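Structure first, commentary second.
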């Protein structure tokens, strides 16, 4: 049996349908991978936000400590500049 134009058109249509089906099936796999990647990105985002909050808290604590040191510095200089007392006895 010789292939006719009708048979060739049908074979071409069937071939295109198979290629499209395989292409769409591949996209479904990517959807799962994107979901996994998005989940990981959400986890990393949460960790980054926690780290940023911790850094901000540490920065505030450091600023408070620096203020306290600045307050104490004047007293320390005054004590160092005062004449030494002689021991009794």
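The values are calculated or read from the model by the stated rules, or taken from the named source; none is laboratory data. Given the structure is predicted, the values throughout are model-derived calculations rather than measurements. Positions of Cβ are backbone-derived with ideal geometry, glycine not excepted, and every protein chain shown enters the neighbour counts.
Modelled with pLDDT of 90 or more, in a helix (DSSP H, G or I), surrounded by 10 or more Cβ atoms within 10 Å (Cβ to Cβ) and more than 33 Å from the chain's Cα centre (by Cα): does that describe residue 12?
In short, no.
Residue-wise test of (1) part of a helix (DSSP H, G or I); (2) modelled with pLDDT of 95 or more.
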residue: 26; (1), (2): yes, no
residue: 64; (1), (2): yes, yes
residue: 79; (1), (2): yes, no
residue: 87; (1), (2): no, no
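If you check residue 32 against the conditions, is it in a helix (DSSP H, G or I) and loosely packed, with under 10 Cβ neighbours inside 10 Å? Quick ask: steps written out before the conclusion?
Numbers: in a helix (DSSP H, G or I): yes; loosely packed, with under 10 Cβ neighbours inside 10 Å: yes.
Criteria met by residue 32.
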